[in-house]
Structures are given as C-alpha cells and as structure tokens.
Amino acid sequence: LRSQHEDYVYADYWTAMPLQYLAGDRLDVAVCVGSKRFSDIQAAVAAQPSPVYVSSPLDGAGDPVGQALRSHHIAFRQTRIGFVTIYDQIPAGLQPNEIGL
C-alpha cells in the first residue's frame, strides 16, 4: 500500500486491527465492518476522498467489500496479494455506508 502511496485504508475489523498494528504509523486503517475503534484514525480515513479498502476471507465473513461494491454497481480495481484483496480506484467521496458497508 505504501509503495502505491495509499496511506488511508478501510477494512473489516479482523483485518483492520492486525493491519494497523503491522503498519504502525505508516498507514491509517479504519474499520468499515464491525466495531469501530480509534476515533482519530476513523476520522482521518473518513476525511480522505479516495481511501482504499482491504478485505480478507480469513475473518470468516467472505468478501463483504467486494460484495458491497458489486451490489451497488460501483466501479473499482481489485488486486489480490496472497489472501488479501485490495480495492481501489473507487469513485471519490464515497463513505462505507454509501457502498453498503
């Protein structure tokens, strides 16, 4: 994500928490599905026009991000790295609740 200059990320709770831990201060990772934590990070990501979304099937929820984007007919680019899927190039200004999350 950093190599692509993506500093602001939304992810489901079980992906967001370990990703934020591993990223340290290199990324701001907000929760888009599940219990919201760290209000300052949530606000920082929400203020960005085009954050990326990260999803992983390892949390047991399947792929809520991809399902939401597809069901709302929202254009995106999808990149899979190992067991993680990154969704970017989503139209600017959309918040998680606007894409069905």
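The values are calculated or read from the model by the stated rules, or taken from the named source; none is laboratory data. Please read all numbers here as calculations on a predicted model, not as lab measurements. Neighbour counts run over all protein chains shown; Cβ positions are idealised from the backbone, glycine included. For the accessible areas, the whole protein counts, side chains as well, though only heavy atoms, and no ligand, DNA or RNA atoms are used. Shrake-Rupley method; radii C 1.70, N 1.55, O 1.52, S 1.80 Å.
Every listed requirement among (1) farther than 14 Å from Asp88 by Cβ; (2) in contact (Cβ under 8 Å) with a residue 24 or more places away in the chain; (3) of a type in the set (Asp, Glu) is met by Asp28 save one, (2). Of all residues in region 13-32, those satisfying the criterion of being in a loop (DSSP other than H, G, I, E, B) and either open to solvent by less than 60 Å² (accessible area, probe 1.4 Å) or aliphatic (A, V, I, L, M) (or both) are Gly24, Leu27. Scanning region 58-77 for residues that are closer than 22 Å to Arg2 by Cα and modelled with pLDDT under 95 gives Val65, Gly66.
Take Arg37 and decide whether it is in contact with a Lys or Arg (Cβ under 6 Å, 6 or more places away or on another chain) and free of Cβ contacts under 8 Å to residues at least 60 places away in the same chain. Criteria not met by Arg37. The sole residue among Tyr87, Tyr53 that is in contact with a Lys or Arg (Cβ under 9 Å, 6 or more places away or on another chain) and aromatic (Phe, Trp, Tyr) is Tyr87. Of all residues in region 33-86, which are crowded, with 16+ Cβ neighbours inside 10 Å and among the charged types (D, E, K, R)? Correct list: Asp59, Asp63.
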